[in-house]
Protein chains: 2
Amino acid sequence: MKIDVIISAKDIREEKIIGKTVIVIDMLRATSVITTALNNGCKRVIPVLTVEEAKDISKSSKEPCILGGERNAVKIDGFDFSNSPLDYKENVAKDKVLVMTTSNGTKAINACIKAKNILIGAMLNAKAVAKRAVELNNDLVIVNSGTYGEFSMDDFICGGYIIQCIKDCIQVELTDIAKTAHYIYQCNNDVVEFIKGASHYNRLKELGLEDDLNYCCSKDIINIVPEYERGYIHKGM
Amino acid sequence: MKIDVIISAKDIREEKIIGKTVIVIDMLRATSVITTALNNGCKRVIPVLTVEEAKDISKSSKEPCILGGERNAVKIDGFDFSNSPLDYKENVAKDKVLVMTTSNGTKAINACIKAKNILIGAMLNAKAVAKRAVELNNDLVIVNSGTYGEFSMDDFICGGYIIQCIKDCIQVELTDIAKTAHYIYQCNNDVVEFIKGASHYNRLKELGLEDDLNYCCSKDIINIVPEYERGYIHKGM
């Protein structure tokens with residue numbers, strides 16, 4: 001298996017992902033939200049690009065929906081919940097459809113539709129998503145959502161940890177950028193210490209979201225692998 | 001001073017570099033060649049995109065020219081020299097115009113024309129180019145040429161070393177990717193050990209170019225700062 005890494009949603013190019021397995025990461029916080037909500041009984045997640053689209057889908061849905069997401073890391077006017085994974089407890093998420101739009105993660109997911117399989121990864125489910133990628137037995141591209149089109153240290157080290165989990169199972173061939181992500185993880189098994197330097201971490205900290213940060217940095221507390229297919233993210237295999 | 005890093009020639013976007021100081025790096029080997037040739041008395045370097053363009057310029061030049069460069073890391077048919085910096089000794093380079101075309105470095109230089117200043121950097125002149133960037137006192141983008149449009153570990157750590165040299169002089173504000181490049185250098189002051197994992201390093205090693213690799217990894221043995229202006233690279237200030 002060859003593993004490559006794309007460093008931000010803006011850098012996704014069709015020729016890099018077509019026919020491959022993709023793992024989309026936005027650990028702070030969209031893919032942590034998606035993983036948490038589905039683990040807490042959410043029926044499916046619909047990731048969309050605009051606030052209007054999210055509201056329209058929610059209005060016209062025959063199933064009970066919740067609206068979640070952020071702009072500039074804060075809750076959107078008229079939405080039910082923000083982009084905090086801690087919002088999506090079982091009493092909120094169970095049997096609901098979550099329609100969400102965020103600045104980075106939902107963009108990255110929608111930009112990957114030419115991939116063969118689109119898995120959703122975070123620190124929370126790193127081992128599980130690594131295991132699923134191994135089962136799919138295809139070349140892999142780890143897509144870091146990044147922050148507003150820029151490289152983000154948090155997604156990069158999370159990708160490095162997922163690579164470590166895959167290397168624990170099978171032999172892999174890494175591109176230079178994948179080797180560097182893996183190296184960063186190897187030097188920083190305590191990911192929080194490394195992520196403390198990340199601009200997005202500090203933005204969330206300024207907003208008082210320490211609980212989110214601590215939660216999103218927890219390794220392997222969830223065992224599901226969300227997968228995106230034809231517009232929906234479901235709980236996966 | 002803000003410092004950002006672009007990870008390959010393919011990722012250069014005008015809005016990221018316009019009005020800024022840029023340092024273009026292709027340490028294996030184009031910017032090591034340029035730095036070495038100019039240090040050995042070469043009058044100027046003309047970096048061009050195609051073999052035909054290089055031959056045309058050389059034919060029509062009134063000054064004595066040498067043709068240098070590579071495709072797939074080997075010398076181009078009809079060219080005088082390859083992309084080995086060790087080819088450009090004083091007896092070859094002195095008072096000549098070097099017309100060169102390479103797979104990555106000359107592309108990256110030509111893609112940066114909207115920057116305010118375009119400096120040419122390598123391990124060989126890292127301290128000197130850092131000092132010049134500090135003098136220019138403008139926001140800086142370190143442009144890694146990369147390898148065939150991909151991230152390259154060698155250029156990344158070289159950028160990290162240049163950032164270290166700048167940090168030794170002034171306070172800087174680093175983007176996440178610049179922080180990561182700097183971190184990689186901090187963990188690997190012996191850059192060769194890190195670069196040994198790089199795909200391009202191994203390609204050059206397979207071609208028997210160990211002497212080039214050792215030379216290109218030498219820190220600060222040249223004190224000039226090549227600068228690109230209006231189609232030419234000159235020896236700088």
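The values are calculated or read from the model by the stated rules, or taken from the named source; none is laboratory data. From a predicted model like this one, the values you see are computed outputs, not experimental measurements. Cβ: placed from backbone, ideal geometry, glycine included. Neighbour counts: every protein chain shown. Only protein heavy atoms, including side chains, enter the accessible area calculation; ligands, DNA and RNA are left aside. Shrake-Rupley method; radii C 1.70, N 1.55, O 1.52, S 1.80 Å.
Couple of notes before you dig in:
- Entry comment: accessible area of chain A is 40 Å² per residue, from protein heavy atoms only and a probe of 1.4 Å.
- Angle between chain B longest axis and helix B:153-167 axis [Cα atoms, degrees, rounded to 10]: 60 degrees
- For the Cα trace of chain A, dividing Rg by the Kirkwood Rh returns an Rg/Rh value of 0.94.
- Shielding of B:173-179 by partner chains, average beta-carbon count, 10 Å: 6
- Percent of beta bridges antiparallel (DSSP, chain A, rounded to nearest 5): 25 percent
- Chains A and B together bury roughly 1900 Å² of accessible area, counting both sides, with a 1.4 Å probe on protein heavy atoms only.
- Share, in percent, of DSSP beta bridges within segment A:37-146 that are antiparallel, nearest 5: 10 percent
- Sites listed here are chymotrypsin sites (Phe, Trp or Tyr not before Pro) in segment A:132-212 whose DSSP assignment is loop and whose Cβ has at most 16 other Cβ atoms within 10 Å: A:Y148.
- A cut-off under 9 angstrom between Cβ atoms defines the neighbours of B:G236, and their net charge, with Lys, Arg +1 and Asp, Glu -1, is +1.
- Positive-pole candidate from B:V192, B:S152, B:S103, dipole of segment B:91-199, charges at beta carbon: B:S103
- Listing of segment B:1-26 residues, each with accessible area lower by at least 10 Å² in the full protein assembly than in the chain alone (probe 1.4 Å): B:I7, B:K10, B:D11, B:R13, B:E15, B:K16
- GluC sites (Glu not before Pro) restricted to segment A:142-237 and DSSP loop, no more than 10 other C-beta within 10 Å: none
- Using alpha-carbon coordinates, inclination of helix B:176-187 to the longest axis of chain B, degrees: 80 degrees
- Degrees separating the helix B:126-136 axis from the principal Cα axis of chain B, which is the longest one: 70 degrees
- With all pairs of different C-alpha atoms in the average, the Kirkwood value for the hydrodynamic radius of the protein assembly as shown is 23.3 Å.
- Per atom type, chain A shows carbon and sulfur on 47% of its accessible surface, probed at 1.4 Å.
- Of the residues B:K116, A:K96, ranked by 1.4 Å probe accessible area with the largest first, the sequence reads B:K116, A:K96.
- Among beta bridges from DSSP that stay inside the protein assembly as shown, the antiparallel ones total about 25%.
- Distance distribution P(r), segment A:20-160, all Cα-Cα pairs, bin width 10 angstrom from 0: 13, 43, 35, 9, 0 percent.
- Reach of A:K94 by Cα under 27 Å, taken over lysines that are not fewer than 8 positions away in the same chain: A:K43, A:K55, A:K59, A:K62, A:K75, A:K107, A:K127, A:K131, A:K219, A:K235
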